[in-house]
Amino acid sequence: MKKIALTLFAILTLLNARSQTSYSFGVRIVGRGKPMLLIPGMKGSADTYNDVVAHYKNHYKCYIITLAGFAGQPPSGAHDHLLLKQRDDIIRFIIDQHLHRPVLVGFSFGAGLAMWVACTRPDLMGRFIDLDGTPFDAAVDVDRLDKDSLVKADGSRYEKLVSRSPDFWRKRDSAFHSPASEQEGFIYLQKLVSDTNRVREIMVWDKASDFRSAVLMDLESDTLDMRESVANIKSPILLLGSWRGYDYIKTKAEAEKRYAVQFAKAKNLTTRFSENGKHFLMYDDYDWMIGEMDKFLAKN
């Protein structure tokens, strides 16, 4: 009986260990010190943060995520609510790995996901650094938004797409990555980052991403409105924003006004806007960005 009990205990221990390490996202761990969790943007790779991690690795243990289905990371396998699964997996990772109030860094789409994590479990979070992400992205570029109509429209699109066949997604992916479409994508990305070598790198990540995962998570994100729930975040927040390159924002003052409306309910918020950088601040205005991050973290 004792041997049977020990065997059962060993099996349960192994199953528990496996359940705790089976996360759908990829994670690279670099450095030592206080925990810092970094989430890249739409279809982005952990490589987005290479320079940031090189700067912080002697003082922070950096956990750099590549989301499921992005930049070569396999899809999560979830049929529905793919973004929700990423949120829940990240929360589980923080708990399982005993990360004590990690600094949370998110860029763009990844900042929205990081914000969702922080709004859901503010008790787990340390300081939050938001690199050009907003609580309700769909409302940034329009002065008047019928939220209910947007949610209904995107929800309807989501319901139609979520059960489409693998063949449908292969055809959509092929069309999206046709030479003509990729040229359009290259021109668009130049609005978000100045260095054409960086644009090519981002396009490699895009091509290596799972098209279904990206489309469904993007639609899920579009219906996520956290303008009220940002009030749940008790930790200090640093928002670093950009305005150059956007068709709908012509001045820094206009960007500041739009973002202020988005974050009206946030507590303990520090906002800074780059004078010259485009959306990919880690590429376009790195020295300014890292300087602002250093000042913010030094207050910890």
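The values are calculated or read from the model by the stated rules, or taken from the named source; none is laboratory data. Please read all numbers here as calculations on a predicted model, not as lab measurements. Don't worry about glycine lacking a Cβ; one is built from the backbone with ideal geometry, like all the others, and counts go over all protein chains shown. These accessible areas exclude ligands, DNA and RNA; they are computed on the full protein's heavy atoms, side chains included. Shrake-Rupley method; radii C 1.70, N 1.55, O 1.52, S 1.80 Å.
Values as computed for the structure displayed
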quantity	calculated
Residues that are modelled with pLDDT of 95 or more and assigned to a helix (DSSP H, G or I), drawn from the range 12-51	Ala46, Asp47, Thr48, Tyr49, Asn50, Asp51
Unmet requirement for Gly77, which otherwise passes all of (1) closer than 20 Å to Tyr283 by Cα; (2) open to solvent by 10 Å² or more (accessible area, probe 1.4 Å); (3) over 15 Å from the mean Cα position of the chain (by Cα)	(1)
Residue among Lys257, Lys234 that is loosely packed, with under 14 Cβ neighbours inside 10 Å, among the charged types (D, E, K, R), touching a Pro at 6+ places or on another chain (Cβ under 8 Å) and over 21 Å from Phe25 (Cβ atoms)	Lys234
Selected residue (criterion: farthest from Ser165 (Cα to Cα)) from residues of the range 181-230 that are among the aromatic types (Phe, Trp, Tyr) and touching a residue at least 40 places away in the same chain (Cβ under 8 Å)	Trp205
Matching residues, the range 57-74, being under 16 Å from the mean Cα position of the chain (by Cα) and either under 18 Å from Arg127 (Cβ atoms) or assigned to a helix (DSSP H, G or I) (or both)	Cys62, Tyr63, Ile64, Ile65
Test result for Ser242, farther than 17 Å from Thr48 by Cβ, open to solvent by less than 40 Å² (accessible area, probe 1.4 Å) and polar (S, T, N, Q)	no
Odd one out for Ala54 among (1) outside any loop (DSSP other than H, G, I, E, B); (2) open to solvent by less than 50 Å² (accessible area, probe 1.4 Å); (3) small (Gly, Ala, Ser)	(2)
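Let's see how each residue does on (1) in contact with a Cys (Cβ under 7 Å, 6 or more places away or on another chain); (2) among the hydrophobic types (A, V, I, L, M, F, W, C); (3) under 20 Å from Met42 (Cα atoms):
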| site | (1), (2), (3) |
| --- | --- |
| Arg200 | no, no, yes |
| Met203 | no, yes, yes |
| Ser213 | no, no, yes |
| Pro236 | no, no, no |
| Ile249 | no, yes, no |
| Arg272 | no, no, no |
| His279 | no, no, yes |
| Lys295 | no, no, no |
